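Asker: The structure's right below; bear with me while I get my questions together.
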Amino acid sequence: MAKADFFSILTTAISRNRFTPYINNNPNNQSEAYGTYLWNIALCESLYPALNCLEISLRNSIHDAAVQEFGVDDWFKRHLHLNELEPLNKLANQMRQSRRMVGVNDLVANLTLGFWQSLFRSRYEQVLWPKLLEPVFPYWPKKQRTRRNTYARLDNIRRLRNRVFHHEPIWHWQDLQPRHALILETIGWISPAMLELTRLLDRFPSVYTGGTEPYRTGLDDIVQSWQLANG
């Protein structure tokens, strides 16, 4: 079976529509196009640990600081606007319908990064952040530590996170390395211990600098084996 047949079958599995950006970038080199596709998958996978550690540490730090400040576990019921209460109540209803426990800790663990980012909007400037910024980000240099800076930082991270988790192309982003560094820096400002854990799991630097070559080489080996096995 010809090399073209292998790539045709593979393109069908991926879907031609999803693969078109890679072909357009490498119109005369199918191996490079597929190598780039595989590299993109690897890049997304390599960002999972940092993104997960950021979400976990951020939500717990916000919740713990708010509980300490307001003296109640369900602080959000008294201090959040309708825009933020709506997704929270929707989540609680979904959990009840699936017969899951709906404790405060369960809600905190299942709320999205977008929800936590929304708490840094300007309407919470005087509600949450006069007192909570320092306990949420105890290691962030004081001169840089503002609600506005936090919102912009989390928005940058959230946009990358959404593309990664929805399997969108990120390989062509020129600022992937700075964005990755931003995630690590933010984790460190919340918890240096969590940052060390993240670094233990973090493969992004090696995957990024390795580029497409390992995936092109591996794919060429697969194609050769395919051709031998299928005549």
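Asker: Take a quick pass over the chain and tell me how many lysine pairs come in under 20 angstrom between Cα atoms, counting only ones 8 or more apart or on separate chains.
Answerer: Details: K77/K90; K77/K131; K131/K142; K131/K143.
Going through the chain pair by pair, I get 4.
Asker: Cα centroids of region 157-231 and region 39-115: how far apart, whole angstrom?
Answerer: Going from one Cα centre to the other spans 25 Å.
Asker: Something else: Between the helical axis of 30-70 and the dominant principal axis of the chain, each derived from Cα atoms, what acute angle in degrees is found, rounded to the nearest 10?
Answerer: Rounded to the nearest ten degrees, it is 10.
Asker: Let me ask another. Could you work out the per residue convex hull volume over the alpha carbons of region 47-208, in cubic angstrom?
Answerer: 128 Å³
Asker: Name the shape class, rounded, prolate or oblate, that the alpha-carbon gyration tensor gives for region 97-190, where a ≥ b ≥ c are the square roots of its eigenvalues, rounded holds for a/c under 1.5, and otherwise prolate holds if a/b is larger than b/c and oblate otherwise.
Answerer: oblate
Asker: Residues with beta-carbon under 11 Å from that of R121, excluding R121: net charge, scoring Lys, Arg +1 and Asp, Glu -1? Write out the running numbers ahead of the final one.
Answerer: Values: positive: R123, R147, R148; negative: E84, E125, D155.
Net of charged neighbours comes to 0.
Asker: For a quick protection proxy, order the peptides 182-190, 152-160, 218-226 by their average other-Cβ count within 10 Å, most packed first. Numbers along the way, then the final one.
Answerer: Details: 182-190: 20.3, 152-160: 17.3, 218-226: 13.9.
So the order, starting with the most tightly packed, is 182-190, 152-160, 218-226.
Asker: Sticking with this structure for a sec: Compute the angle between helix 82-97 and the longest alpha-carbon principal axis of the chain, please, reported from 0 to 90 degrees and rounded to the nearest 10.
Answerer: Here the helix axis deviates by roughly 70 degrees.
Asker: Also: Any idea what angle helix 213-230 forms with the longest principal axis of the chain, computed on alpha-carbon atoms, 0 to 90 degrees, nearest 10?
Answerer: 50 degrees
Just so you know, all these numbers are worked out from the coordinates, no wet-lab data involved. Please read these numbers as outputs of a predicted model, since none were measured by experiment. Quick reminder, even Gly has a Cβ in these numbers, built from the backbone with ideal geometry, and neighbours come from all protein chains shown.
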